[in-house]
Every structure is written in structure tokens, then in C-alpha cells.
Amino acid sequence: MTRPHLITAACDGACSGNPGPGGWAYLLRFDDGRVEEEGGFSENTTNNRMEMQAALALLKRIAQEPRQPGFAIRTDSKYLIQGFSQWLKGWKQKGWKKADGQCVKNRDLWEELDQARLPGVALTHVKGHSGDPDNDRVDAIAVAFRDGKQPALRSGSRPPDAGAPMDLAPPPLQRLLTRLEMADRLAAGGHVLAMAELAQLVDMPHGELRQRRQPWIWRDWRVLPCSDGGWRLQRKSPDPHH
């Protein structure tokens, strides 16, 4: 039996007082519809450290899991993304000193994150509190842990008891979720799609696509024609009247 593949992940951290009590959380989605969540608490920490702890725990968890092409970890922390993707290499070359000569904060976690880095797995930005379901969910879990609560977590790693009803979406909804997650990643990355690729994503006949020459709307995305005959997705801005 083929192992389920990861399709997307999200992580977040929260802290009260900064420094003060904090919490972290991550969420994984698999292509069989399962969801796995995890989180934790720290008594005296900062928001940045909780964001980093969430990403570190997530990277360690998925190290041996098969992943779909384009899999990425979504976070609302630009500090985490820029440190992990841009600054870390320079910090190491300068002996963990910043450009102004000061020591890099959170070096212990940056070193662990660097060790846990996985080839081909990138961190991508999602705007916090923007209505993104997975980002909102990990934020809620992190805040609950920060506040000393024990939130109910979903665990896709444990199969249900024999005979118990499976808490999974129907297969058509699972397939739709996979397509929506892929659309979000394609839009965030600015990727150009061929007509065949777009037809598969939006589940539309090629003939109908060939008749389209102007930008059009598919669910939460604008579909924009490119000069080379391809198409690009752009997430719609939230309606200011809602």
C-alpha cells in the first residue's frame, strides 16, 4: 500500500509579554485527507523563538515522510523565513555576527534549524489573521498552549480503532482540497501554467480554456493570461466590505 504523501504544512508561535509564556504549533495535511497537529508550551520565551520552535519540530517530524512536488511550509513569520532562507549562511560565515557586529540572537535554535533543513522544502509566507484556515488553526493552537490550556489536537499518525467511523472528508472533497492547496502554492510562487496543467487544476475542458483570452476568476484566485500563452494564478484580495 502506498504511503500517503504530505501536501502542505503550516506552523506558528505565540508569546505573551515577549519574553513571557509562549506556545507553538504545526499542522500537516496528507493527500489521503488526514490532518496531524502538534504543539507545545514554554514558560519563559519570545515570539520569535516560538515561531522557530514550531518550524524545528515540524522539520524533524516530516524528515522521513514522502512529500508531493511543491510541498512547502507556510508561516506568517518573515523573521523565520528570512533567517532560514537568506541570513543564516552569512551569519555562519561571520562567526554568528550580524552586519552591525552584534551577536545573532537565538543562535541555538538557528543551528538546530540549519541541521534539520530538508532539500527542496521551502518556507513560504502567508499573511497572519487573513482568513487562511491552516494559519488560523495553528495560531489558535499556539495561543491555547501559551495560555496554559490543552487544546484537542488531530492526529493523522494514529489510525482509527477497528470499526470506528473515519473522520475524513468524502474523496471528492479531499481531491478538491488538494487542488486548492496546490493553487495557493502556485500563486504564491508566481508559477506559469501550461493550458493542460491549468485544465487539470481547475477541472475544465481544454476547449473551454482555449476560448478564454481575458483574466477570469476561479474560486479565490484570478487566472491571468501570460504573453507566452501560459496562465498565472493570483489570489484575490479580501473584500473590504466583508
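The set of residues in region 32-59 that are more than 16 Å from residue 10 (Cβ to Cβ), touching a helix residue (DSSP H, G or I) at 6+ places or on another chain (Cβ under 8 Å) and not polar (S, T, N, Q) comprises 32, 33, 41, 49. Within region 74-123, the set of residues being of a type in the set (Ser, Thr, Tyr), surrounded by fewer than 17 Cβ atoms within 10 Å (Cβ to Cβ) and modelled with pLDDT of 95 or more comprises 79 only.
When region 189-204 is examined, which residues are found to be farther than 18 Å from residue 217 by Cβ and within 21 Å of the chain's Cα centre (by Cα)? Residues satisfying the conditions are 189, 190, 191, 192.
Just for region 213-228: of the residues that are of a type in the set (Phe, Trp, Tyr) and within 22 Å of the chain's Cα centre (by Cα), which one is farthest from residue 199 (Cα to Cα)? Top of the filtered list is 221.
For region 203-212, the set of residues classified as outside any loop (DSSP other than H, G, I, E, B) and in contact (Cβ under 8 Å) with a residue 12 or more places away in the chain consists of 209, 210, listed by residue number.
Any idea how many residues of region 96-129 are over 30 Å from residue 235 (Cβ atoms), in contact (Cβ under 8 Å) with a residue 40 or more places away in the chain and in a loop (DSSP other than H, G, I, E, B)? Walk me through it before giving the result.
Pass one, region 96-129, residues over 30 Å from residue 235 (Cβ atoms): 96-112, 114-115.
Retained after the next criterion (residues that are in contact (Cβ under 8 Å) with a residue 40 or more places away in the chain): 105-106, 109-110, 112.
Cutting the leftovers down to in a loop (DSSP other than H, G, I, E, B) gives us 105-106.
Matching residues across region 96-129 total 2.
Considering only region 190-210, how many residues are farther than 27 Å from residue 132 by Cα and at pLDDT 85 or above? So the count comes out to 0. Considering region 28-73, and only residues there that are assigned to a loop (DSSP other than H, G, I, E, B) and crowded, with 18+ Cβ neighbours inside 10 Å, the residue that is modelled with the highest pLDDT turns out to be 46.
Tallying residues that are outside any loop (DSSP other than H, G, I, E, B), out of contact with any Cys (no Cβ under 7 Å at 6 or more places or on another chain) and surrounded by fewer than 19 Cβ atoms within 10 Å (Cβ to Cβ) within region 188-200 yields 7. Close contacts from region 213-242, counting a first residue that is within 12 Å of residue 191 (Cα to Cα) and part of a strand (DSSP E or B) and a second that is at pLDDT 90 or above and among the β-branched types (Val, Ile, Thr), with Cβ to Cβ under 6 Å and a gap of 6+ residues or different chains, come to 231/223.
Among the residues of region 74-95, which ones are within 15 Å of residue 51 (Cα to Cα), of a type outside the set (A, V, I, L, M, F, W, C), assigned to a helix (DSSP H, G or I) and touching a residue at least 12 places away in the same chain (Cβ under 8 Å)?
Just the residues of region 74-95 that are within 15 Å of residue 51 (Cα to Cα), to begin with: 74-85.
Next, from what is left, pick out any that are of a type outside the set (A, V, I, L, M, F, W, C): 74-79, 82-83, 85.
Narrowing the set further to residues that are assigned to a helix (DSSP H, G or I) leaves 78-79, 82-83, 85.
Listed by number, the residues that qualify are 78, 79, 83, 85.
Would you be able to tell me the number of residues in region 135-164 that are modelled with pLDDT under 90 and either at positive phi or assigned to a helix (DSSP H, G or I) (or both)? Going through region 135-164 one residue at a time, the tally reaches 1. Looking at this structure, is residue 9 surrounded by 21 or more Cβ atoms within 10 Å (Cβ to Cβ), touching a residue at least 60 places away in the same chain (Cβ under 8 Å) and either touching a His at 6+ places or on another chain (Cβ under 9 Å) or within 25 Å of residue 186 (Cβ to Cβ) (or both)? Yes, satisfied. Residue pairs whose Cβ atoms lie under 6 Å apart, sitting 6 or more positions apart in sequence or on different chains, and linking a residue in region 54-68 that is farther than 16 Å from residue 122 by Cβ to a partner that is in a loop (DSSP other than H, G, I, E, B) and at pLDDT below 95, are 66/3; 66/5. Kindly establish whether residue 224 is surrounded by 11 or more Cβ atoms within 10 Å (Cβ to Cβ) and more than 19 Å from residue 178 (Cα to Cα). Against the criterion (surrounded by 11 or more Cβ atoms within 10 Å (Cβ to Cβ) and more than 19 Å from residue 178 (Cα to Cα)), residue 224 qualifies.
The values are calculated or read from the model by the stated rules, or taken from the named source; none is laboratory data. Quick caveat: nothing in here was measured; it's all calculated off a predicted structure. We place every Cβ from the backbone using ideal geometry, glycine too, and count neighbours over all the protein chains shown.
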